[in-house]
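The structure appears below as structure tokens.
Read-outs: derived from the displayed coordinates by stated rules, not from any lab. Computed from a predicted structure; not experimentally measured. Cβ placement follows ideal geometry from the backbone for every residue including glycine, while neighbour counts extend to all protein chains displayed.
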DNA sequence: CGTGTTTCTGCACGTTTCTGCCGTATTGTG
DNA sequence: CACAATACGGCAGAAACGTGCAGAAACACG
């Protein structure tokens, strides 16, 4: 059996059964687990599957990436947020995406900043209420509990009624070829709509998002202004990105 | 079964049932409670759920925690909220006003309630995200910081696009002659607009609001269906109200 | 055909992760 | 306060992982 053939079989099996258990496949095919592990490692590197302990699962489930998320310390989000805040000029209309990274942006805003923050996240809006000077514009609609933001037709319509100077976007995957991706289709559409309303779009992505791919495309890399990340400059995923992305801003 | 698979199952179960009981899951899956506890601990560390004694509940993406905050709410608000919740029938479209009393209503909602909650308060919406089954419709607009709700032209327009079966209204003054009053003109107008969209309007007012008057009129008493309060039946203010108001429901 | 190179494969070894158990501490309940 | 349920940390065995290595197969090229 050819290697390529075997790997194809792995992918087929992955989509049909929703998972791969390395030990099982190795026994069925009569080859060592080492080879299967090597296959899975390569497939994962190519973005075709997600490696987990004992085997692999489809990328579509990558949103539950426990190991990497467990290692996400608030410190990295705080650094990224601090860098993002520097982009905001007094009087700007800032469109702020939902998510924990953008929530960190709220906490990083200078107390005397006079700007308008536009968001479709009730969580972000609720946090902003305590800020003394920013104006808050809330985009309404049906709340998707999965992502805790307003999505759908009503939210998109509300979004198209406004414009912003910059959009601070959060995604779960930033990949040199696959572009910006996230785990929910409606959410992806909403992010795209918001990006269309802003003069500049900045992506906020902590290190573990760099090189990752989620199921739904938000935007291609050429549609954004820059990526703000804390990924280490030496990482291969970041270097690949720097050859494709318009700009990469490193958060010290 | 893969570890990742099991943890995914836990999250699925968490969102579908609103909670996880470690002992139950351990028995069903035929593994030790220790492993489940370890899973829940890691998931909690990754921000996917919140650990509680005996298992886990959905994570608080909101500033206010769905459950724990309920324990620090004044007993009076809890009682009023409990009474108000009884008015909601499965499938209802409930318009929920902003404020601490209506926030207590969120915490008093049964976990299995299937209803649509419509609100112009980001705080209310953020708290509702924790609820396993209700649908949330957020009315957007400019956020007024003193009242922490969306008001103004855009919010009113969004409100006129929806209808509700009942409106749970919070005010700062309930007076036999002066009617229902509040402290902000824009806020009063928004409450009036919401009342117009609902078949029934119920006022939630703790004892100290009964007999009080604030600067801006929201509605006259004949425009509402009933008042829910915990005021003592003997108080003169309540007795005066009972001669004028359509109905007064006492929260035991 | 011969030879040097690359790729694939299995094995061995040390490391990491997972799991169940046990003793102890903590929490909830009456 | 007492009792039961639950949580936590440490421990040891098992399973899975990554890596380096060497042999085998496939390949490229003169």
With viscosity set to 0.692 mPa s and temperature to 37 °C, compute the Stokes-Einstein D of segment A:168-222, Rh being the Kirkwood radius across alpha carbon pairs; µm²/s, no decimals. 300 µm²/s
Where the eigenvalues come from the Cα gyration tensor of segment A:202-252, what are the semi-axes √(5λ) of the equivalent ellipsoid, largest first, in whole Å? 16, 13, 11
7 Å along Cα→Cβ, label-point gaps from residue A:130 to other copies, nm, shortest first: 1.6
At a 10 Å Cβ-Cβ cut-off, how would you order B:160, A:83, fewest neighbours first? B:160, A:83
Just the Cα atoms of segment B:102-211, one point each, no solvent: what log10 I(q)/I(0) does Debye give at q = 0.15, 0.16, 0.19 Å⁻¹? -0.66, -0.75, -1.06
For segment B:141-196, what percent of Cα pairs sit more than 13 Å apart? 61 percent
Neighbour-count order for B:162, B:20, fewest beta carbons within 10 angstrom listed first: B:162, B:20
Taking the label point as lying 7 angstrom from Cα along the Cα-to-Cβ axis, what are the distances from residue A:107 to the corresponding position in the remaining copies, in ascending order and in nanometres? 2.2
Per residue, the convex hull enclosing the Cα atoms of segment B:72-166 spans a volume in Å³ of 90 Å³
Once the mean 1/r over all distinct Cα pairs of the protein assembly as shown is inverted, what Kirkwood radius in angstroms do you read off? 24.7 Å
Working note, segment A:3-61: Cα radius of gyration (Å, one decimal) and Dmax (Å, whole number) are 10.0, 29
For chain B, modelled as a GNM with alpha-carbon contacts under 10 angstrom, which of B:90, B:132, B:122 fluctuates the most? B:90
Please identify, among B:180, B:204, B:40, the residue showing maximal mean-square fluctuation in a Gaussian network model of chain B using a 10 angstrom Cα cutoff. B:40
Quickly work out the residue A:112-to-residue B:12 label distance, labels modelled 7 Å from Cα along the C-beta direction, and quote it in nm with one decimal. 5.4 nm
Label-point separation in nm, residue A:130 to residue A:247, each point 7 Å along Cα→Cβ: 3.2 nm
Least to most buried among B:190, A:1 (fewest other Cβ within 10 Å first): A:1, B:190
What value, in deg cm²/dmol to 500, does the helix sum -39500 (n - 2.57) over DSSP H runs of n ≥ 4 give at 222 nm once divided by the residues of chain A? -11500 deg cm²/dmol
Specify whether the C-alpha gyration tensor of chain A places it in the rounded, prolate or oblate class, a ≥ b ≥ c being the square roots of the eigenvalues: rounded for a/c under 1.5, otherwise prolate if a/b is larger than b/c and oblate if not. prolate
Specify the residue with the greatest mean-square fluctuation among B:145, B:209, B:77, computed from a Gaussian network of chain B linking alpha-carbon atoms under 10 Å apart. B:145
